[in-house]
Amino acid sequence: MPLSEQEQRLLDEMERHLMRNDADVVSAPSDGRTLSYRNIVYGTVLVLVGLGGLLVGVALPLIVVGVIGFIVMLGGVILAVTPTRGTLRVPVEPVSRPSAPPAGASFIDRMNDRWDKRQGER
């Protein structure tokens, strides 16, 4: 069922708000870990094989086969969702340390200075 006009406007407004206020979260550089399609496929195959073993173990009085099937299923899920270390590295610019506020400044003043500097970077 498609969204109504009002719902679509609300969704667009929420997306704009998220992109504007949480841009650092959306554009945060990743640490090079990504999901591998190959691992997802292998994990899915392992889950299906484990499910078959689990069903055979339950249908026949072979508890060991059912337990092994469950372990294979668990291994398949872990393999599918484990991110791999990518070979592509994104160079990270060194962060320059801002000058410290005066020693006598209150906590609120220091936080306000940090907020102002952060807003100036965008």
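What the table below lists for this structure:
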{"read-out": "Karplus (6.51, -1.76, 1.60) ³J(HN,Hα), θ = phi - 60°, over segment 13-20, in Hz, Gly and Pro reported as x", "value": "5, 5, 5, 4, 4, 5, 5, 6"}
{"read-out": "Gained length - Phe70 relative to Asn21, 0.36 nm times residue gap less alpha-carbon distance", "value": "13.2 nm"}
{"read-out": "Residues Ile71, Ile63 arranged by fewest to most Cβ contacts within 10 Å", "value": "Ile63, Ile71"}
{"read-out": "Point-to-point label distance, Leu51-Gln119, nm (Cα→Cβ direction, 7 Å offset)", "value": "5.3"}
{"read-out": "Phe107, Phe70 arranged by Cβ crowding within 10 Å, fewest neighbours leading", "value": "Phe107, Phe70"}
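Readers should treat all values here as calculations from the given coordinates under stated rules, not as data from a laboratory. Not measured: the values here are computed from a predicted model. Please note: Cβ atoms are built from the backbone with ideal geometry, for glycine as well, and neighbour counts cover all protein chains shown.
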